[in-house]
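The values are calculated or read from the model by the stated rules, or taken from the named source; none is laboratory data. Every value quoted in this text rests on a predicted model; they were computed, and no experiment measured them. With ideal geometry, Cβ positions are generated from the backbone for all residues, glycine too; neighbour counts draw on all protein chains shown. Just so you know, the surface numbers come from the protein's heavy atoms only, side chains and all, with ligands and any DNA or RNA stripped out. Shrake-Rupley method; radii C 1.70, N 1.55, O 1.52, S 1.80 Å.
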Amino acid sequence: AAVWLTIDDGWQKNLQNVLPALEQQKVHATIFISTQAVESGAFWWTYAEKFGGLLPEKFKNNVNLLWETPETERKQVISELFGKVKDKIKREALTIDELKLLSKSEYITLGSHTVNHVITPNCTDDELMSELKGSKQKLEEWTGKKVNTFAYPNADHTEREEEFLKAAGYEIAAIVSNRFAGKNDNPYRIPRMVMGEAYFPEELCHMFGVWQKVIKKIKGSS
């Protein structure tokens, strides 16, 4: 059996916290990078949440709607927001130099998470291909290493993405599913389990697909 450890987005704390732990324990991991945040310093949703009052009316009281909006509109809204905001948010994403440093570690592989951390089903065909090719190209230019792995932002995907991933030169893509990967899995839908900040035994229950059974048992005995 083998474990594929993956980390999304490209947060600056990956360099401070993740890299030392991986090298100390001699564990390999893939970090999926959204390249726009590396160049700008922050993720678009952080600006949307902090400066929500500057968003169009329909988004002011529900920033989460941006995740459901067609990419053409989301991109325009965020672009206009950037133009209105004078204050810079403290850098939260890796810098290009930090990314290069991470890429030199034998324990880290870099993968793509699109350019703008877009929800791929919200993209037109042209937008999707631009996001896939653009992020891959940037990462390869910055690190000098081939990038052939991808993770769907927010784990949202449809059957359409596979042909675009193949055309852009990707060989494997990760989704989110509470089950283990098998040899017969579609390489563009490799399941992975998400671990957040929950109590570790709870995370283990999620990993092994027994969380709902545990909850039902607890409720049944109460």
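In the chain, Cα pairs under 8 Å separated by at least six residues give a relative contact order of 18 percent. With all protein chains in place and ligands, DNA and RNA left out, the 1.4 Å accessible area ranks His28, His113, His157 as His28, His157, His113, largest first. Modelled this way, with points 7 Å down the Cα-to-C-beta line, the labels at Lys26 and Ile96 are 3.6 nm from one another.
Sorted largest first by accessible area at a 1.4 angstrom probe radius, with every protein chain in place, the residues Arg160, Arg91 fall in the order Arg91, Arg160. Ligands, DNA and RNA excluded, the heavy atoms of Trp45 present near 30 Å² of accessible surface to a 1.4 Å solvent probe. Put a plus charge on the Cβ of each Lys and Arg, a minus charge on the Cβ of each Asp and Glu, and nothing anywhere else: the dipole of the chain about its Cα centre is then about 620 debye.
At a Förster distance of 30 Å, what's the computed FRET efficiency of Lys86 paired with Glu140, Cβ-Cβ distance as r, to 0.05? Efficiency, rounded to the nearest 0.05: 0.30.
The orientation-averaged projected area of the convex hull spanned by the Cα atoms of the chain comes to 14.8 nm². In this structure Glu171 has an accessible area near 100 Å², from a 1.4 Å probe over the protein heavy atoms.
The per residue volume of the convex hull around the alpha-carbon atoms of the range 105-199 is 130 Å³.
Between Phe51, Phe32, Phe150, the Gaussian network model of the chain with springs among Cα atoms under 10 angstrom shows the greatest mean-square fluctuation at Phe51. Cα convex hull, the range 1-118: 119 Å³ per residue, rounded to a whole number.
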